[in-house]
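Only one structure is covered here, and it is reproduced in the block below.
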Amino acid sequence: MRYRDFLRNKLSGIIPRSIVLPSGYHLVGNVALLNLDSSLMKYASFIGEKTLEYDQRILSVATKIGPTKSIKRIPSYELIAGDSNTITTHIEDGIKFRLDPLHITFSGGNRRERMRLSKLVKNEEKIVDMFSCVGQFALHIAKSADVEVIAIEINENAFQFLLENIKLNGLGNRVVAVLGDCRKVHPKGTANRIVMGYLHNTIEYLPFALETLVEDGGFIHMHMSMPESEVKDIMMKIEQMCRIHGYSSSINAHYVKDYSPRIGHYVFDITTSSEA
Ligand SMILES: C[S@@+](CC[C@H](N)C(=O)[O-])C[C@H]1O[C@@H](n2cnc3c(N)ncnc32)[C@H](O)[C@@H]1O
């Protein structure tokens, strides 16, 4: 039975039929994340308990209570049912991610992009992941080829899970984690490929990615959220920035997913080569 119908049956007599119930949840490991609107908040614990009954994989249920904050992307969730220990293991295409989804963002919607990128990577590449979080890109890439990955993360909490996940997946020989701001700790002139998995004005970070490339150039995968109407402008800006740093470039934009109404999540594959 569909989740919404299940809730409707189980909560008839408790929640008025006129109130629209949620159609689904985002499952991270054993934690179900809901987005209840204000009319449902007073029924949150009933919905939480029934959600636990609906899916045996779910041990904790939380609902969003505010926006995701700061560049560290700290989400605001409140536990509404189940186990208060919300540290969980999410398994995605064979990679295990330990994390606490109440305090760290993890987007299942980026999975296809993680798979696409790990297929592009070749043995012996030197890769820098500038916004690693718990290793979403770094670990998939390191599993798919014999590469060296430097995984940078600014959020101490995410960084601790990143260290744990490198060990958990046996990838300590391929991934080195660095705690810090990628604008300051990026290893200059070292990488063939750079991953920029961050969505907010990511173009401001592009000069640091260009400094990180080896002199001959390489590949940059720059994610960013924006309306479709701005995609062409951004491509022109990318080209200009590459030129300023001494690289010619060719750029392909891919649509990843909807980010919010009228705003898309795009990734720009930038291939650079030295102009000299
Ligand atoms: C939303 S997560 C994305 C994780 C992953 N790259 C992905 O795309 O699935 C963005 C991460 O970048 C980190 N971050 C933001 N600004 C940063 C900076 N200047 N240097 C290093 N990490 C940063 C945040 O703390 C957060 O963990």
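For a quick check, take a GNM of the chain with Cα springs below 10 Å and name the residue from Met224, Met235, Met196 with the largest mean-square fluctuation. Of Met224, Met235, Met196, the most mobile in the Gaussian network model is Met235. Cross-link check: pairs Lys64/Lys122; Lys69/Lys96; Lys72/Lys126; Lys122/Lys237; Lys167/Lys237; Lys188/Lys237 evaluated at a Cα-Cα cut-off of 31 Å; pairs beyond the cut-off: Lys64/Lys122; Lys167/Lys237. Taking 51 Å as R0, compute the FRET efficiency from the Cβ-Cβ separation of Ser273 and Ile74 and round it to 0.05. The value I calculate is 0.85. Taking each DSSP H run with n ≥ 4 as -39500 (n - 2.57) and averaging over every residue of the chain yields -8000 deg cm²/dmol at 222 nm. Once the Cα-Cα distance is subtracted from the 0.36 nm per residue extended length, the Asn123 to Asn173 segment shows a gain of 16.6 nm. With viscosity set to 1.567 mPa s and temperature to 4 °C, compute the Stokes-Einstein D of the range 180-224, Rh being the Kirkwood radius across alpha carbon pairs; µm²/s, no decimals. Answer from the Stokes-Einstein relation: 124 µm²/s.
Using 0.36 nm per residue and subtracting the Cα-Cα separation, the extra length available between Arg2 and Glu230 on full extension is 78.3 nm. In order along the range 197-212, phi translates into HN-Hα couplings of x, 8, 10, 10, 6, 4, 4, 5, 9, 4, x, 6, 5, 5, 5, 7 Hz, rounded to whole numbers, per the Karplus curve 6.51 cos²θ - 1.76 cosθ + 1.60 with θ = phi - 60° and x for Gly and Pro. Residues considered: Glu156, Glu230, Glu53. Largest GNM mean-square fluctuation over the chain, using C-alpha springs under 10 Å, is found at Glu230.
3J(HN,Hα) along the range 229-234, derived from phi through the Karplus expression 6.51 cos²θ - 1.76 cosθ + 1.60 where θ = phi - 60°, amounts to 4, 9, 4, 5, 4, 5 Hz, with x in place of Gly and Pro. What the Cβ-Cβ distance of Ser250 and Asp93 gives, at R0 = 35 Å and to the nearest 0.05, is a FRET efficiency of 0.75.
Only beta bridges with both residues in the chain are counted; by DSSP, about 60 percent of them are antiparallel.
The HN-Hα couplings worked out from phi for the range 35-49 by the Karplus form 6.51 cos²θ - 1.76 cosθ + 1.60 (θ = phi - 60°) are 10, 8, 7, 4, 5, 9, 4, 6, 9, 4, 5, 4, 5, x, 4 Hz, whole numbers, x standing for Gly and Pro. Spin-label model, Ser39 to Ser84: label points 7 Å out along the Cα-to-beta-carbon direction sit 3.3 nm apart.
The Rg/Rh ratio for the range 100-226, using Cα coordinates for both the radius of gyration and the Kirkwood hydrodynamic radius, is 0.93.
Can you give the convex hull volume per residue for the Cα atoms of the range 212-261, as a whole number of Å³?
Measuring per residue, one finds 83 Å³ for the Cα hull of the range 212-261.
Each 5 Å bin, from zero up to the one with the longest distance, holds this percent of the alpha carbon pairs of the range 3-86: 3, 15, 26, 25, 17, 9, 3, 1, 0.
With the gyration tensor restricted to C-alpha atoms of the chain, the semi-axes of the equivalent ellipsoid amount to 38, 21, 15 Å, longest first.
All of the numbers you see were taken from the coordinates with simple rules; none came from a lab. Note that this is a predicted model, so its numbers are computed, not measured. When we count neighbours, we look across all protein chains shown, and the Cβ atoms used for this are built from the backbone with ideal geometry, even at glycine.
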